[in-house]
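*Asks:* Provided herewith is a single structure, encoded as structure tokens, for subsequent inquiry.
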Amino acid sequence: MLSTILTLLMSGCIEVDIEIGIDANFTSYLTYRISLDVRDFDEQYHDLMRNSMNRLGWHYQEYFDFNVELHLDTDPCLLIMTRRINNTSFEQAYASLKDLLTDDNITPFMQVDMVYQSFERQNKYLINAETDIPQIISLSNADDLPPALLEHFDEAILSGQGSITLSLPASEIISSAQQTEIRNNQAVLTVPLSFTDTTAFELTAAVNFLRDGTPGGTSEEIINEQNRLKEIALYTTFAAAGLLILTLLIAVLTRKKKQKYVGRRIK
């Protein structure tokens, strides 16, 4: 498929966005979103570019079980390819994600390192990966292109753009080489994809759990919540004790009053 990818790169106006991660339902995924603008390219090549996108989508769908969405009649043209793996736990999902990112047939990364640790009320993980588009190109047959097409290819490398977005369940960020934020209990990290240099990211995070097994906030938030619940329980105990004492006191006073009333009647 290298020839197809090179054909796309020669368009001189391509954007590649890569999304990887695990969603809230423990589904691991890898998505390629390729946007190709052929309007500024010679019209004789328009069909070639669109056919290349079609072949690329078909190949990933037939051989690698990707779901493919293709829009060839729009400007720019759009190809979205997604591989999803359903899982029943975060640990299983993390292993599935590792399989996706280390499969040489479909991964965009030259190097992937993933570590997972599970504790009673916390899961910790580390992920770092690196892609090197110049190195991938050097392993291809780009140098064998005709001079006219090679010129377009060089221009495409300089103007190509895109991003890599990582999204994983997280209660807190332990460390990250790039800016990362937590949205709805998901750590989200996005880095620009370079066509002329290496692109790398690194994230260490944790998923904390409450006593009932549901995901919680940061360790500090969980401790503060536990202290708050202890205070509520203590106040509730004091209130219940006070109410009990008051009830007993009323009962004693009522009994004494009745006894005194009965004594008066006897006399």
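*Asks:* Do you know which of the residues in region 183-197 that are in contact with a strand residue (DSSP E or B) (Cβ under 6 Å, 6 or more places away or on another chain) and more than 17 Å from Tyr94 (Cα to Cα) is surrounded by the fewest Cβ atoms within 10 Å (Cβ to Cβ)?
*Replies:* Pro192
*Asks:* Continuing with this model, one more query. Provide a single number: the residues in region 21-68 that are at pLDDT 80 or above, more than 25 Å from Asn128 (Cβ to Cβ) and basic (Lys, Arg).
*Replies:* The total comes to 1.
*Asks:* Please give the number of the condition Arg55 fails out of (1) part of a strand (DSSP E or B); (2) touching a residue at least 12 places away in the same chain (Cβ under 8 Å).
*Replies:* (1) is the only condition that Arg55 fails.
*Asks:* Can I ask one more? Across region 66-85, what is the total count of residues that are within 16 Å of Ile20 (Cα to Cα) and not aliphatic (A, V, I, L, M)?
*Replies:* 5
*Asks:* Also: Go through the residues of region 6-20 one by one and say whether even a single one is in contact with a helix residue (DSSP H, G or I) (Cβ under 7 Å, 6 or more places away or on another chain) and at pLDDT 80 or above.
*Replies:* Checking region 6-20: at least one residue is in contact with a helix residue (DSSP H, G or I) (Cβ under 7 Å, 6 or more places away or on another chain) and at pLDDT 80 or above.
The values are calculated or read from the model by the stated rules, or taken from the named source; none is laboratory data. These numbers were taken from a predicted model, which means no experiment stands behind them. Counting neighbours? That spans all protein chains shown, and the Cβs are built from the backbone with ideal geometry, glycine included.
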